[in-house]
Amino acid sequence: MHDTAVTCTMVGKVASIRLNRPDQGNTLTLDLLDALHAQLLAAACDPAVRAVVLSAEGTDFSLGGDFNDFADALSQDERHCRLQCKIRTGALARVIAGLQDLEVPTIAAVNGQAAGAGFSLSLACDMRLVEPRTRFNLAYGALGASPDGGMTWLLPRIVGRGKALRWLLDQPIIRASSAVDAGLAHEVIQEGALLEEAIALAAQFAADAAHPHAAVKRLLRGSEARDLREHMEFEHTIFVEGLMSDDMKAALDARARGGAPVFE
């Protein structure tokens, strides 16, 4: 599967989706967002995809929104400006939601800078691997803008409300080691090995049973909207689904034989 702005390559059961506008800093233009959304939809509909890695060509993961888009919107009258902003923020929202809705593990391999909406894009993945030169840059304050792309929803859930609030107010540039210390990133990978290590980790997830990963993501996604009793009822419903799955049957059969299960 290929697109001018975004490419996707299957590595075993891992869909390696790559932003492919390095000359533009992988800025999130409308065409790149539409191409990325299409790739995410394709991954969601393909039962062969058991994990997703999101990475980027060039020196930066994504420098966020395209300044030319901002300038173009501001050059129009208020009605058209609002319309253009709604179109672009809507395209970003579809991508963020599409990443969150995937029921397979997702890993962002964040090289160079992830700024503004590019930072939000990385937050929409389940985990982030970084290299020594990686920088997370909130960037909005320097533009006199407020966050978008789910930044204020995702960041507090990853690093905690207090730290998220401080970062959103201070607008620091968060380097790789600080990102790991804060729980924003999971590991620093040596330069040149980032994508390889991300795909290797994704392959480990892809070899697991599919139901537990999908269940965990569904359960965590809605946990804050339910009280404990409601949530346990939902857990038990999902548990029964897993009990009836082919994966559980494979595990029980392997256990009876004294072997290790292979999840197809």
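Sequence neighbours fewer than 8 away in the same chain don't count; with that in mind, list the lysines whose C-alpha is under 30 Å from LYS13. Result set, ordered by chain and number: LYS217, LYS249.
Spherically averaged projected area of the convex hull of Cα atoms, the stretch 210-257: 3.5 nm². Hey, how much of the P(r) for the stretch 1-144 falls beyond 22 Å, as a percent of Cα pairs? I get 36 percent for the Cα pairs in the stretch 1-144 exceeding 22 Å. GLY149: net charge of surrounding residues, Cβ under 13 Å, Lys/Arg +1, Asp/Glu -1, itself excluded? It works out to a net charge of +1.
Hey, fewest Cβ within 10 Å first, where do GLU197, GLU191 land in order? Walk me through the numbers before you get to the answer.
Numbers: GLU197 17, GLU191 11.
With the sparsest Cβ surroundings first, the list reads GLU191, GLU197.
Ranked by how many other Cβ atoms sit within 10 Å of their own Cβ, fewest first, the residues SER245, SER55, SER177 fall in the order SER177, SER245, SER55. What are the aspartates and glutamates whose alpha-carbon lies under 20 Å from the alpha-carbon of LYS163, with same-chain residues fewer than 8 places away excluded? Straight-distance partners of LYS163: ASP126, ASP148, ASP181, GLU187, GLU224.
Counting charges near GLY183 (Lys, Arg +1; Asp, Glu -1) among other residues having Cβ under 15 Å from its Cβ returns a value of +3.
Across the stretch 232-242, computed HN-Hα scalar couplings (Karplus, 6.51 cos²θ - 1.76 cosθ + 1.60, θ = phi - 60°) run 5, 4, 5, 4, 5, 4, 5, 4, 5, 4, x Hz from first to last residue, x flagging Gly and Pro. Helix-only arithmetic for the chain: the sum of -39500 (n - 2.57) across DSSP H runs with n ≥ 4, divided by the residue total, places the mean residue ellipticity at 222 nm at -16000 deg cm²/dmol.
How big, in percent, is the set of alpha carbon pairs in the chain lying more than 26 Å apart?
On the way: 15517 of 34716 pairs.
Tail fraction, whole percent: 45.
Note on the stretch 112-168 and the stretch 176-194: Cα centroid distance 14 Å, given to the nearest whole angstrom.
Helix 78-101 versus the longest principal axis of the chain: what angle, 0 to 90°, nearest 10, using Cα atoms? Helix 78-101 and the main axis of the chain meet at about 20 degrees.
A simple count of charges around THR237, restricted to other residues whose Cβ falls under 14 Å of its Cβ and scoring Lys, Arg +1 and Asp, Glu -1, yields -1.
So for VAL216, VAL159, VAL240, fewest C-beta neighbours within 10 Å to most, what's the order? Present the calculation step by step, with values, prior to reporting the outcome.
Details: VAL216 14, VAL159 18, VAL240 10.
Result, fewest neighbours first: VAL240, VAL216, VAL159.
Laboratory data are not the source of any read-out in this text; all were calculated from the coordinates shown. It should be emphasised that the depicted structure is a prediction, and the values quoted were computed from it without experimental measurement. Glycine also receives a Cβ, built like all others from the backbone with ideal geometry; neighbour counts cover every protein chain displayed.
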